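Q: Quick one: the structure is below, questions incoming.
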Amino acid sequence: LTQPAGAGATVEFRFRNGRKASFEATEIDVKKLLEDVKTFIKTHDRSSEWWENTEISNLGYRLVEKNQRQYLVGKPVSWELELKPRADHFDKRITVQTPLKKAGAYLLIGRMDNGNVSRIVIWVADTALVKKVLDKASYFYAADAVTGAPIGRADLEFFGYWQEWVDRGAKYV
C-alpha cells in the first residue's frame, strides 16, 4: 500500500463487534534492508533461505513471520480509535486516518480490544519513478509523488542479479 507524503496515509480497516481499536506504526529502515539483501546476494549461493532473504516485496512477511525486528527503527507512533459496530455481527469497514506524513515505509499494527491483531506495511512516497522501455534502453523519470514535477539531478541507484540454472537445476550461480 503506497500513498503520497504530506497528507497523512490512510488505511482500510474491517471489524465486527469491537468498540475500540489501538494502532501502532513503526518506521522500517529500508536502506538497511536493501544493504542486507545486496550482501546476501553477493555472499550466498541459492539456498532454502534465498526467497525470504531476497524478496523485498515480502517485507511484511519478514517482519511478522520471521520476526526480523532489526529493520524497525525509532519509537512507534500510537493512537486509539472508538468504533461503532454494525448490528447483528455484520462486518464494518472504515478508513483510518494515520499520522504518517513523512516519506518512508511503516509497519502498522491494529489491535482490537480483547481481540484480533492486523498488520500491514504502508509506504509513504515523496518521489515517483516512471520507466519507459525504449529500443535497447530504458528511460526513467523521477518526479514529485504529488505534483508530478520533475526532480532535477535525481541520483538513482539500481541493483540486480542474474541466476543461471546449471547441472540440471542442482546449482545456481
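The values are calculated or read from the model by the stated rules, or taken from the named source; none is laboratory data. Quick caveat: nothing in here was measured; it's all calculated off a predicted structure. A quick note on method: Cβ atoms are made from the backbone with ideal geometry, for glycine too, and the neighbour counts reach across all protein chains shown. We work out accessible area using only protein heavy atoms, side chains counted, and drop any ligands, DNA or RNA first. Shrake-Rupley method; radii C 1.70, N 1.55, O 1.52, S 1.80 Å.
Q: Which numbered condition trips up residue 2, out of (1) modelled with pLDDT of 85 or more; (2) open to solvent by 50 Å² or more (accessible area, probe 1.4 Å)?
A: (1)
Q: Among the listed residues 124, 133, which satisfies the condition of being surrounded by 11 or more Cβ atoms within 10 Å (Cβ to Cβ) and among the β-branched types (Val, Ile, Thr)?
A: None of the other options fit; the residue is 124.
Q: Would you point out which residue out of 86, 119, 111 is open to solvent by 80 Å² or more (accessible area, probe 1.4 Å) and in contact with a helix residue (DSSP H, G or I) (Cβ under 9 Å, 6 or more places away or on another chain)?
A: When all the criteria are applied, what remains is 119.
Q: What about residue 111, is it modelled with pLDDT of 95 or more, within 20 Å of the chain's Cα centre (by Cα) and part of a strand (DSSP E or B)?
A: Yes.
Residues checked against (1) among the basic types (Lys, Arg); (2) over 30 Å from residue 160 (Cβ atoms):
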site	(1), (2)
15	no, yes
26	no, no
38	yes, no
62	yes, no
75	yes, yes
81	no, yes
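Q: Something else about it: Restricting attention to the stretch 116-125, does a residue exist that is in a strand (DSSP E or B), at pLDDT below 95 and in contact with an Asp or Glu (Cβ under 8 Å, 6 or more places away or on another chain)?
A: No - not one qualifying residue is present in the stretch 116-125.
Q: While we're looking at this one, here's another question. Filter the stretch 24-39 for residues that are free of Cβ contacts under 8 Å to residues at least 60 places away in the same chain and surrounded by 15 or more Cβ atoms within 10 Å (Cβ to Cβ) and give the result.
A: 29, 33, 36, 37
Q: Of the residues 73, 146, only one is hydrophobic (A, V, I, L, M, F, W, C) and either without any contact (Cβ under 8 Å) to a residue 24 or more places away in the chain or open to solvent by less than 60 Å² (accessible area, probe 1.4 Å) (or both); which?
A: From the options 73, 146, the qualifying one is 73.
Q: To continue, here is another question. Return yes or no: is residue 64 touching a residue at least 12 places away in the same chain (Cβ under 8 Å) and in contact with an Asp or Glu (Cβ under 8 Å, 6 or more places away or on another chain)?
A: no
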